[in-house]
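Report on the structure given below.
No lab work stands behind these numbers, since they all come straight from the coordinates. Given the structure is predicted, the values throughout are model-derived calculations rather than measurements. Here the Cβ positions follow ideal geometry from the backbone for every residue, glycine too, while neighbour counts run over all protein chains shown.
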Amino acid sequence: MSTSSMSRRLSQKTILITGASSGIGRSTALEFARTAPDCRLIVTARRVAALAELKSCIEKEFPGVSVLVYKLDVSNQNEVSGIVEKLPPGWREVDVLVNNAGLVKGVDQVGSISPTDIADMINTNIVGLISLTQEVLRSMLSRGGHGDILNVGSIAGRDGYAGGSIYCATKAAVRTFTEALRKEMVSTRVRIMEIDPGQVETEFSVVRFRGDKEKADTVYA
């Protein structure tokens with residue numbers, strides 16, 4: 001699809017992006033703004049200050065784009081539940097959902113992995129993604145069954161690596177969930193997609209090493 005046809009397709013659409021405070025999520029928001037300079041972006045993450053900076057950047061460079069900053073921790077079921085109705089009036093008809101929020105904790109191998117780290121990865125990467133998808137999908141179907149849902153997976157979901165067993169398992173779950181959901185939506189106009197990035201230099205590894213940037217930098221050396 002050409003840039004011009006994509007621009008027309010996304011014109012005035014409302015796009016919700018999770019994990020938009022940095023990395024792939026932030027870049028995705030900027031790319032949507034660049035492609036469709038009259039779209040409406042709901043940028044969500046836990047770090048509101050980073051989202052506010054992104055909003056300022058987008059509105060300065062693309063004045064036709066409207067940006068809503070929304071604090072959301074996808075691992076918190078109370079925050080995800082009923083999210084569509086919690087959005088301000090005028091922002092509730094989400095046309096595109098980008099499930100980008102995700103994390104990895106540590107490099108411990110099976111037998112030494114912290115139960116807390118396991119729970120954090122599963123609740124964010126799997127439960128949070130599925131729960132938010134259900135919330136937005138119900139809204140899409142209630143409006144005639146059209147929209148786009150894009151799940152950000154990882155090549156780690158296809159080829160596991162030592163020290164990343166839980167993360168790899170969560171991304172494998174995203175892949176099979178996406179495949180099943182695509183089959184469930186085949187009779188509707190809701191398109192289900194997945195992108196599996198490889199290694200991308202973002203804050204992802206900083207989180208993995210609990211804020212130790214020096215260790216994180218070695219991942220990309």
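Between Met6 and Glu179, the modelled label-to-label distance comes to 2.6 nm, taking each label 7 Å out from Cα in the direction of the beta carbon. Charge dipole (Cα centre; +1 on Lys/Arg Cβ, -1 on Asp/Glu Cβ; no other charges) of the chain amounts to roughly 540 debye.
Segment Val186..Ser27, full-extension length gain: 54.3 nm, with 0.36 nm per residue of separation and the alpha-carbon distance subtracted. GNM on the chain, alpha-carbon springs under 10 angstrom: the most fluctuating residue among Ile192, Ile113, Ile149 is Ile113. Look at (1) 14.5; (2) 16.2; (3) 12.7: the one that is mean projected area of the Cα convex hull in nm² derived from this structure is (3). Helical runs assigned H by DSSP (4 residues or longer) give the chain a calculated mean residue ellipticity at 222 nm of -12500 deg cm²/dmol, each run adding -39500 (n - 2.57) before division by the residue total. Would you please give the FRET efficiency between Ser81 and Ser165, computed as 1/(1 + (r/R0)^6) with r the Cβ-Cβ distance and R0 = 30 Å, to the nearest 0.05? Taking R0 as 30 Å, the efficiency between Ser81 and Ser165 is 0.50.
Give the total of Lys-Lys pairs in the chain with Cα-Cα distances below 18 Å; include a pair only if its members are 8 or more places apart or on different chains. So the count of such lysine pairs works out to 6. Which of Ser75, Ser187, Ser154 moves most in a GNM of the chain, Cα contacts under 10 Å? Judging by the Gaussian network model, the answer is Ser187.
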